[in-house]
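Scroll down for the structure; my scribbles are underneath it.
The values are calculated or read from the model by the stated rules, or taken from the named source; none is laboratory data. Predicted model only: the values in this text are computed from it and were never measured. Here Cβ is always computed from backbone atoms with ideal geometry, including for glycine, and neighbour counts include all displayed protein chains. All accessible areas refer to the heavy atoms of the entire protein, side chains included, with ligands and DNA or RNA removed. Shrake-Rupley method; radii C 1.70, N 1.55, O 1.52, S 1.80 Å.
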Amino acid sequence: MISLVETLENDGIVEIDKQYPFRPGRNDSILKDAATQRVVFFGRCIDTQGIKALGSRNTEANIFITDRAELIRGKPVNEETRALSQLTSQPCLMYEAPTQLVDKRLKAVYGPESPFWVGNKLVPCRLIHQPMECNDSHGDSADRNGFPSQRTLRRYRRLAEARAGITWVEATSIGVAPYRVYSRARKDQLTADEPHREGINTLTDEYKSVNRDSLLIYQLNHSGQISLPADAGVTPPSEVVRVYEPKGFDARPGRMLTKEDIWGIRDGFINGAVIVEQSGADGVEIKGCHAYLLSQFLRPANTRPDEYGGPLENRMRLFREIMEGIKERIDNPDFSLWVRFSMYEGDVTVSGHTVLGGIGAKGPDSNVFDEQEPMEMLRCFREWGADGFNMTAGMPAYNGDLWVRPPNPPEDFDVDDPLTYRKYHHFEYGHLANRRNGGVFSDVPVIASGFSVFGEQIAQVLFNVVLYDIADAGGIGRQILPDPDRERVLNGTANYCKRKDKCCSELLVGQGEVGCAVYDEEYKAMLREQRKHFTAPWRK
Ligand SMILES: Cc1cc2nc3c(=O)[nH]c(=O)nc-3n(C[C@H](O)[C@H](O)[C@H](O)COP(=O)(O)O)c2cc1C
């Protein structure tokens, strides 16, 4: 039997064992020493059934079981390990591992460059590109709204070259037959419906022609009450629609959705997912966040009197119908289904209005966070087939700077002290979604948001986030505009997002094409031009 120390010393020989009979949990990894063909189990020993199966399948294997916390301290493994050793009839090594070797192996298993599983697919690294809508999908001419333009294609080619673990395609509007009116928030928003099928194919091809290793996941959205109004003068027209009577902080008027409208929207999401799958992309994400339509349904404030409002089961009905419909229509086991979820929409808007009855609030008239309901929602999403969760918080149109895209980490956050990490709300929500209590979430990856504030320390923060069970991967949003490159972002040499003047958000709210107006001269000029006729609310 080789010792763990020898295994650790064998540099660069570790590969993930793809034959492994059960899916490792988020942070647990089954590695195979390619030189000796021995199996090394790294992580907490929660899946005794899987360990048993492994033992019976491969009697040659030595299984080194370790607990991360023990490993960090370089101490022998615990009682649980001994029990598992008996279960598998495999010897489990007791060891004292030298710190530098432990550090090296920890990096290989939990570091930003380490792979993780999503369903049947191995994601090559833990740095993720979050969806960033850039409002430049106007094809080659004005009547090609919703199709990628040359600039859109150029952006995604750059993202493909950047080689993150997953690239999320920006919020992509669904269409509702007969495709005359779209409820979309952007003038030139990418669209996934039957009339735009060719555009989705082109975009997927562009990305995949450069990079077939990273996953490409489209975020599907309907903008609901955040949509452009009918008098916005866009082509094709857009309209504001509402789930429940206007009240409180979100009193925008809009046409109330009928049940027939809701069924059309459901079919629009399902068809959008099918079009994305047929384009050769790796998955879709249903947008249940940031105050767009599906989050409006989920809120306690949704007191619609029919079966789509009121009790939790009713508020989640449309989500369930969409997810189950997608699972029914798409039987490709490699195609993953994600949910982006605002675990808490916040307690207040930037203008000081109280947010009553948002997602995560105790009830329709409360703004106090209570994790019970959002946790139940995550449990349901998992039951209906979610392969992963992309966690976020807040509502850009109402409290974006406070909750969605903070300007800085909290003051008491210490990059070197993971005990302070949960003070950052994005990490707290990742952690809640990630926790193993009940085991429901141990088999699906969780992505945490809000990494752009860490600049050249992104790699260190991401390592700690994974190591300390906060999330499986970390998503950069604003950072993908100045520089999305995995290697540069992780090794400290990228152009780091300065969050200066919220330039990218300013371009977006002014209905401009979005890019980095700090580093990129083209977007700098666009912002100067936009400021001549549009003043962002926060600059007034
Ligand atoms: C200009 C802009 C566009 C965005 N577009 C989307 C989007 O299409 N879908 C989405 O879920 N989030 C969107 N976001 C939010 C980001 O994905 C991300 O969650 C947020 O910026 C926080 O991450 P960061 O600190 O790394 O930027 C957008 C943010 C900005 C600033």
Residues located in the range 317-347, provided they are free of Cβ contacts under 8 Å to residues at least 24 places away in the same chain and over 18 Å from residue 220 (Cα atoms): 331, 347
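Take the range 178-191 and flag every residue that is more than 16 Å from the ligand (Cβ to nearest atom) and touching a helix residue (DSSP H, G or I) at 6+ places or on another chain (Cβ under 9 Å).
Passing the criteria: 179, 181.
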The range 499-510, residues that are surrounded by 14 or more Cβ atoms within 10 Å (Cβ to Cβ) and part of a helix (DSSP H, G or I): 501, 502, 503, 504, 505, 506, 507, 508, 509
Of all residues in the range 241-266 being acidic (Asp, Glu) and surrounded by fewer than 17 Cβ atoms within 10 Å (Cβ to Cβ), the one that is farthest from residue 219 (Cα to Cα): 245
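Would it be correct to say that residue 153 is among the aliphatic types (A, V, I, L, M), surrounded by fewer than 22 Cβ atoms within 10 Å (Cβ to Cβ), over 18 Å from the mean Cα position of the chain (by Cα) and at pLDDT 95 or above?
So residue 153 fits the description; yes.
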Qualifying residue in the range 388-405 (condition: within 22 Å of residue 107 (Cβ to Cβ), touching a Phe, Trp or Tyr at 6+ places or on another chain (Cβ under 9 Å) and outside any loop (DSSP other than H, G, I, E, B)): no
The lone exception for residue 399 - which of (1) open to solvent by less than 40 Å² (accessible area, probe 1.4 Å); (2) within 18 Å of the chain's Cα centre (by Cα); (3) in contact (Cβ under 8 Å) with a residue 40 or more places away in the chain it fails: (2)
The one condition in (1) away from the ligand (no atom under 16 Å from the Cβ); (2) open to solvent by 70 Å² or more (accessible area, probe 1.4 Å) that residue 525 fails to fulfil: (2)
Given (1) more than 9 Å from the ligand (Cβ to nearest atom); (2) open to solvent by 10 Å² or more (accessible area, probe 1.4 Å); (3) charged (D, E, K, R), index of the condition residue 472 fails: (2)
Selection count where residues are open to solvent by less than 10 Å² (accessible area, probe 1.4 Å) and not polar (S, T, N, Q), scope the range 178-204: 8
Among the residues listed as 394, 388, the single one being under 18 Å from residue 469 (Cα atoms), under 17 Å from the mean Cα position of the chain (by Cα) and open to solvent by less than 10 Å² (accessible area, probe 1.4 Å): 388
Single residue of 175, 165 found to be within 16 Å of the ligand (Cβ to nearest atom) and open to solvent by less than 10 Å² (accessible area, probe 1.4 Å): 165
Residue list for the range 416-459, filter: in a loop (DSSP other than H, G, I, E, B), at negative phi and at pLDDT below 95: 416, 417, 435, 436, 437, 440, 441, 442, 443, 444, 445
Test: residue 513 is closer than 18 Å to residue 398 by Cβ, open to solvent by less than 60 Å² (accessible area, probe 1.4 Å) and within 12 Å of the ligand (Cβ to nearest atom): no
Single residue of 205, 231, 213 found to be free of Cβ contacts under 8 Å to residues at least 24 places away in the same chain and not in a strand (DSSP E or B): 231
Selection within the range 475-498 - open to solvent by less than 60 Å² (accessible area, probe 1.4 Å), touching a Pro at 6+ places or on another chain (Cβ under 6 Å) and assigned to a loop (DSSP other than H, G, I, E, B): 497
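Which is without any contact (Cβ under 8 Å) to a residue 60 or more places away in the chain, within 27 Å of the chain's Cα centre (by Cα) and either within 22 Å of residue 288 (Cα to Cα) or more than 16 Å from the ligand (Cβ to nearest atom) (or both), of 198, 194, 239? Walk me through it before giving the result.
Values: 194 fails: without any contact (Cβ under 8 Å) to a residue 60 or more places away in the chain; 239 fails: within 27 Å of the chain's Cα centre (by Cα).
So the residue among 198, 194, 239 that is without any contact (Cβ under 8 Å) to a residue 60 or more places away in the chain, within 27 Å of the chain's Cα centre (by Cα) and either within 22 Å of residue 288 (Cα to Cα) or more than 16 Å from the ligand (Cβ to nearest atom) (or both) is 198.
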Positions within the range 290-337 being open to solvent by 40 Å² or more (accessible area, probe 1.4 Å) and acidic (Asp, Glu), in sequence order: 307, 313, 321, 324, 328, 331, 334
Scope the range 358-373; condition surrounded by fewer than 24 Cβ atoms within 10 Å (Cβ to Cβ) and in contact (Cβ under 8 Å) with a residue 40 or more places away in the chain; matching residues: 362, 363, 364, 366, 371, 373
